[in-house]
1. Give me C:87, C:110 ranked fewest to most by other Cβ atoms within 10 Å of their Cβ, as a rough exposure proxy.
2. Please tell me the relative contact order of the range C:218-362 in percent, rounded to the nearest whole number, where contacts are Cα pairs under 8 Å and at least six residues apart.
3. Output ³J(HN,Hα) for the range C:204-219: one whole-Hz value per residue in order, computed from phi by the Karplus curve 6.51 cos²θ - 1.76 cosθ + 1.60 with θ = phi - 60°, and x for Gly and Pro.
4. Using helices alone, I'd like the mean residue ellipticity at 222 nm for chain C: each DSSP H run of four-plus residues gives -39500 (n - 2.57), total over residue count, nearest 500.
5. Defining a contact as two alpha carbons under 8 Å apart and six or more residues distant in sequence, what relative contact order in percent does chain D show?
6. Using a 7 Å offset from Cα along Cα-Cβ at residue B:22, what residues in the range D:22-39 end up with backbone N under 18 Å from the label point?
7. How many percent of all Cα-Cα pairs in the protein assembly as shown sit more than 55 Å apart?
8. For chain C, with only Lys/Arg (+1) and Asp/Glu (-1) charged at the beta-carbon, what is the dipole magnitude about the Cα centre, in debye rounded to 20?
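None of the figures in this text is laboratory data; all of them are computed from the coordinates on show. Since we're looking at a predicted model, the values are computed, not measured. FYI the Cβ positions are ideal-geometry reconstructions off the backbone, even for glycines, and counts take in every protein chain you see.
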Amino acid sequence: MKKPGMSLIVKRITKITVSLIFLFGVYIALHGHLTPGGGFAGGVIIALSFIHVVLAFGKDVALKRINEKAASIIESLGGLMFLGIALLGVMGGYFFLNVLSKGRPFDLFSSGIIILCNIAILLKVGAGLFAIFIALAFFRMPQEDKEKKE
Amino acid sequence: MIELHIILILMILGAIVAMEIESLLSSVIALGAVGAGLTLAFLLLRAPDLAITQLVVEILSLVILIKATVGVEVKSQRLRIKRGYLVFAVIFVVLFIWISRKAIMDLPQFGSPIMKMGSQYIASGLKKTGAANLVSAIILDFRGYDTLGEATILFTSAIGVITVLRKIGRKL
Amino acid sequence: MLPIFVIIPLGCAFLIPLASKIRQGLGRILATFAAALLLFFSLKSIFWLNAGAKVYYLGGWRPPFGICMVLDGLAVLMLLVVNLVGFLALVYSWDYLKRYTSDNLYYTLFSLLLAGLNGVVISGDLFNLFVFLEITSIASYALVTFGTEAEELEASFKYLVLGSVASTLILLAIGFLFGHVSTLNMADIADTLRYSPAKYLLNFSLALFIMGFGLKTALVPFHAWLPDAHPAAPAPISAMLSGVVIKTIGVYALVRVVFNIIGFTQLASSIFIGLGIISMVAGALLTVGQWDFKRLLAYSSVTQIGYVIFAIGLGTPLGIVGGLLHLFNHSLFKSLLFFNSGSVEFSVGSRDLHKLGGLANSMPVTSATSLVASLSISGIPPFCGFWSKLIIIIAAFQANHIIGGVVCIVVSMVTLAAFLKVQKYAFIRKIETLASAVKEVPISMKISMLILAILCIGVGLFFNSFISTVIQPAAQVLLEGLNYTAKVLGKG
Amino acid sequence: MTIYILCLVLFAIGIYCLIVKRNLVKKIIGLGIMEYAVNLFFILLGYRHNGNAPILDKQFGVGNFVDPLPQALILTSIVIGLGVTALMVAIAVRIYEKYNTFDIDEIRRLKG
């Protein structure tokens, strides 16, 4: 029976590259306020690293690591975190106020809520796009069923 | 900016190919080419943030589109472009440009924008938000509410896809 | 505290997927509680307002810098429309969703729809208006396909394509305005436009705005998607679509942009009047020939939106008051009619008027409320529809727009004929086969229908006090037009 | 001036592809092209002659910067385009499962 996913070479290489892609995504999101990129680009890169695993190893292997229920929970948590940070600003008087200290410019923790917002967006975008891909990948196309039946 | 013109002409050709070619898979790949051209254009126009995001979003939408069109062969697609369509196409494009060309005249000269708000953001960006990347400063601090709407759009589209693709919708 | 109108539905939309994992019914309670809170705050916001406009600076930045939220007379009226019909649609769908699976997805999308609509109404920034308009559209695309049946999917795809074309046209129009003015705050744009007007660019972006928002609000040349999308959607969603969504992201946004930013020129007025008349006539002709209950209602929405656009296009104070009152009344009786069609479909299972009949005695509440709604949509005196149509006709004749006035009268006759046909075939005439098996709809659907019927009669009876408290300040905002900037930016 | 014209030609091609083509996927592609054209149009508005990217640096501070505001707007618009495309693909896949074709005319014929 043909094993799901692609050939052995692809699997071996994906084992190496997936963690690099994931790291790169986190790097871009966290340094959003210093270098180009940000929460959105980082989140999409992380979603792509999961999709990379799904394409290379087939659906069920990837789902052991992060399944659909976890994806939608992380997505809602990301959204609530972002809304929470915005509500944090209400303490200081206005809805989206940058309450936290601005810190010294040009070093990593330097611009108050921007980093926290980037992390929230990272979670939300990554999990949301992965949930979209899983829903699409799981949806049996009619001719795939025919192949299964033959 | 002659190279920008070249890229734009290539994107237009790519768009025409994406439109007219018969097999769905190659028209999706042509769309990918147009997207890659757009990433290059963003780099040339000094917008690195957008180039990264556009490239990565481009990859994702290609993966999704190919997922939809894999294994779908287009049945009787009449390839030869009928005379009527070509003429109608050219007239439509020329008409659209003719109407909008006077409006373009009123726009500022390419390369010298009136940066009424932009200059204020540049001047006070670092001082007020502490972020070196001004685009992130605008997205998350000056106009953070836009990004809240933005994140909601992705959330809505994810829930929408899950709603559309669920097996049985109605229990009669 | 203006942002609560967006925080409550958004927070509830993010919470529902989590809550429904804990316990199944929790999502429904959370969504209805949020909608009730929103309705309470929108009723309170009527009395918050003392003539001027309340401006809320997001993130603590003064207007041209950051985004600001603006609450003025027009926004209060639209908030009332959105949250009233939204709450009643949610109550209606408590029982209606027995026919559908996985209702927590429905409640999440519904809260997102409410968040998008409230975001559009109170936003004081042009690009922010586009972002929340996009949230509303995507949520309504997904909700139209909630039953995942073949014709629903096809109708929703057409709606999605035309909706996205409209959004792209609106974004292009914002691009042209931004290129010329390079600032995004609505008041700031109007202010800079006054000193450096570029006539041709303004007319071009006005044309793009009218095409974009015209597509969203289904005026006649662009109404192709409406007769397919509304019948396909579940009843509370088509009530929200017809009653609220095409008004908020269509009529409200168009009116806000044209009156408060670009300025209401003679050209814009003639375009509005022209589109209004065509929509009225074409909508009326299409309504008469319909036999599917929901398609008939969808076509009649095109006519009524034609009334609103025609009245506001007149530009006279009376015309604008008539238009806004008709906008409010239409959201009342049109959603009631869609609720009735939903109840008929819920208990009888078919929407075709040929097969229906004799439901008067087996479904008393539904037939009574649909009688009230049909009479008020065709403008019979004691009900709310009469006053708004009367004011519009008087305004038309005052502005010596004879053709428009005559068209209004003829079209309301045709609407009366169409809805009497509905009453006769669906409720009054007797056919033995069907009447026995049918039983009345569950309690929550009856409650929302009754509340809407009472509101229809109430607005009809106390119309002048209603006009003075809610409609007059809204009309005042439009009449003042460009000094919207004075109120928001606080300078001349 | 000509650069704006080229951008609007791309936009017109997108509209044309949307109106004329009968295949669902071609309509999705047409919409994608329109989104690309509008995004490019915004950034063209913000470009400044031999300006550089709006990222501040330790050494040479504020240089001749390009307008950062349209870039912030277009980041949002790109992700909107992605959301709409994902929803369209989901509906198109579902329609394909029901009607077994992507062609609008056949769908209308099958619908009867």
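1. The fewest-first ordering by Cβ neighbours comes to C:87, C:110.
2. Working: 169 pairs, mean separation 44.5, N = 145.
The normalised contact order for the range C:218-362 reaches 31 percent.
3. So the J values, rounded to whole Hz, are 5, 5, 4, 4, 4, 4, 5, 5, x, 6, x, 4, 5, 9, 6, 5.
4. On the way: 21 runs with 348 residues, N = 492.
Taken over chain C, the calculation gives -23500 deg cm²/dmol.
5. Values: 101 pairs, mean separation 28.8, N = 112.
Value for chain D: 26 percent.
6. D:22-26
7. Working: 35850 of 428275 pairs.
Considering the protein assembly as shown, 8 percent of its Cα-Cα pairs are separated by more than 55 Å.
8. On the way: 28 positive and 18 negative charges, 103 e Å.
In debye, rounded to 20, chain C gives about 500.
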